[in-house]
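A short write-up of the structure that comes next.
The values are calculated or read from the model by the stated rules, or taken from the named source; none is laboratory data. If you're wondering where the values come from, they're calculated on a predicted model, not measured in any experiment. A quick note on method: Cβ atoms are made from the backbone with ideal geometry, for glycine too, and the neighbour counts reach across all protein chains shown. Areas reflect the complete protein model, heavy atoms only, side chains present, ligands, DNA and RNA absent. Shrake-Rupley method; radii C 1.70, N 1.55, O 1.52, S 1.80 Å.
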Amino acid sequence: MGAQAWTWTVVAVVVLLLLAWTAWTLVRLRRLETRVARARETLESQLRRRAGLAEELAREHPAALGPLRARALAEAAAQARSTPRGDREAAENGLGRELRDLPADLPGVPASLQADLTGTSTRVALARRFYNDAVRDTQALRGRRLPRVLRLHAGRPVPRFFDIDDRLEALTASSVGEGAEGRP
């Protein structure tokens, strides 16, 4: 083989490798996009559930909460449900603050409703973490040099993190501490 044939062979191999890598990266980007969409749907459903439970608590048990706290909780839940996406984080933070400020014992409120609220708050925190992990992975892949240079997925919007104060660290630390205490 001559030098020119080797050159064309090397160029062909490099082009084939670049095409294979591009196809593989596009598949990864599509999978990450699907992962982000599913995680966002889960997060949205948990946020709606939490707001619904908060509205139920404020509507059906105002005596246990007190009139001012019941009104504030109902307003925070309504705002969290009706706020557009861009301002949603502030509204969700307001609702989370109202829920965290509730006393641990609410006389007259069914234990099942209190347990649902606690469980839903935990699921909101976990859903937010899964969503933000998917966003981080997507942004990391899209931010690499070759995907940027080749403009892979350039026409698609970059997903945004959803940052709210859900106190997940406190939840996971307390559950780890509780699990450790029960063991010999």
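Sorted by mean Cβ packing within 10 Å, highest first, what order do the peptides 141-154, 31-44 take?
Working: 141-154: 12.9, 31-44: 16.3.
Sorting 141-154, 31-44 by mean packing, highest first, produces 31-44, 141-154.
Quick check: at a probe of 1.4 Å, how many percent of the accessible area of the range 3-172 sits on carbon and sulfur atoms?
58
Based only on the alpha carbon positions, what is the Kirkwood hydrodynamic radius of the range 1-99, in angstrom?
17.5
By how many degrees, 0 to 90 and rounded to 10, does the Cα axis of helix 168-181 deviate from the longest principal axis of the chain?
70
Between (i) 91, 49, 19; (ii) 51, 41, 31; (iii) 41, 38, 31, which entry matches Cα extents along the principal axes in Å as derived from the coordinates of this structure?
Working out Cα extents along the principal axes in Å from the coordinates points to (i).
What are the ³J(HN,Hα) values, in whole Hz, obtained from phi via the Karplus relation 6.51 cos²θ - 1.76 cosθ + 1.60 with θ = phi - 60°, for each residue of the range 11-26 in sequence order, with x given for Gly and Pro?
4, 5, 5, 5, 5, 4, 5, 5, 5, 5, 5, 5, 4, 5, 5, 4
Given a Förster radius of 22 Å and the C-beta distance between Arg31 and Arg145 as r, what FRET efficiency does 1/(1 + (r/R0)^6) yield to the nearest 0.05? Before the final figure, lay out each step's value.
Values: r = 21 Å, r/R0 = 0.94.
According to the calculation, E is roughly 0.60.
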